[in-house]
Amino acid sequence: MSNQLTAGNVTILPVSDTGIGGSPAYMFPQVSAEQWEPYRHWMNERGNFRMNIGTYVLRSGGRTMLVDTGLGDKPRAGYPQGALLANLAAAGIMPDDVDIVLCTHLHIDHVGWNTVRKGDAWVPAFPRARYIIARTEWEYWTAPERAATIDYVQDSVLPLADTGQLDLVEETHRVTSEITLVPAPGHTPAHVCVAIVSGGERAMIIGDMAHHPVQLTETEWSVAFDLDPRQAAVTRAALVEQMERDGSLVLGGHFPFPGLGRLVRLGERRSWQAL
Ligand SMILES: [Zn+2]
């Protein structure tokens, strides 16, 4: 069974890179066990989540686009190695087929397959693609004093600079007539979501605006690695309200795979429900 869905004329295919465990206590240190009680159904018997890391493949106006590139297969202490290229190939998508690579932000689990090793160099994994990144996000992570201390920025972000394939854009950039970036700061300085509007239908790839479905109900719950937790909560509340009003599909890349769902109302409570 395919996980592919459509929003108007845009096709959307989630493809996983790898999975990773998530611990409520580590991710949400400010949330008590008691507050978690209504959400036990999201946890396994050990009280942890299973999180996905991967990409969404969009086809719009004859172009093939990836939203985020996962963790990659470069050895990283404490992280699994991903298999996104193999999983894309299994879905019939080869590196040369990709026209656009968009990163919602520049964290380790969203840029991993931006590059691959060729001899002594890191080169774009998608040789024909334009790489689209918000300019403010790029400038934050590639600032010399910061980049110098972060291995993944050196191997999966900075090498894009001299390729001629990098497009640094505003956070409201229109990628195609059907796909637009939506500013969603807080998790990182210039994190963006990706809005798909086509044929009267809407979908939103939310990136790390939320890591877990429960955050779409409890919009105040920011994760420990939101750089500005207060701003992240403000952003989340506003976008959740907007998506509910618009009847938008809500696509969560870290939600249990494939992360395709919508917002539903159960009394006063708004919840994310898988399709
Ligand atoms: Zn992430």
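The values are calculated or read from the model by the stated rules, or taken from the named source; none is laboratory data. A quick note: this is a predicted structure, and the numbers were derived from the prediction, not measured. Ideal geometry is used to build each Cβ from the backbone, glycine not excepted, and the neighbour counts take in all protein chains shown.
Here region 37-60 is the region considered, the condition is being in a helix (DSSP H, G or I) and in contact (Cβ under 8 Å) with a residue 60 or more places away in the chain, and the residue that is nearest to D109 (Cα to Cα) is W42. Checked against (1) farther than 19 Å from A7 by Cα; (2) touching a residue at least 40 places away in the same chain (Cβ under 8 Å); (3) buried (at least 23 other Cβ atoms within 10 Å of the Cβ); (4) within 14 Å of the chain's Cα centre (by Cα), M209 passes all but a single condition, namely (2). Can you spot a residue in region 262-269 that is modelled with pLDDT of 95 or more and either of a type in the set (D, E) or within 16 Å of the ligand (Cβ to nearest atom) (or both)? Looking through region 262-269, none of the residues is modelled with pLDDT of 95 or more and either of a type in the set (D, E) or within 16 Å of the ligand (Cβ to nearest atom) (or both). Look through region 90-117, keep the residues that are in contact (Cβ under 8 Å) with a residue 60 or more places away in the chain and more than 16 Å from the ligand (Cβ to nearest atom), and return whichever of them is surrounded by the most Cβ atoms within 10 Å (Cβ to Cβ). Across region 90-117, the extreme among qualifying residues is I100.
Scanning region 41-73 for residues being surrounded by 19 or more Cβ atoms within 10 Å (Cβ to Cβ) and within 16 Å of the ligand (Cβ to nearest atom) gives a total of 14. Only one entry in D120, D162, D151, D208 is within 16 Å of the ligand (Cβ to nearest atom) and charged (D, E, K, R), namely D208. Report yes if L166 is closer than 21 Å to G54 by Cβ and in contact (Cβ under 8 Å) with a residue 12 or more places away in the chain, otherwise no. No; evaluated as a whole, the condition is false for this residue.
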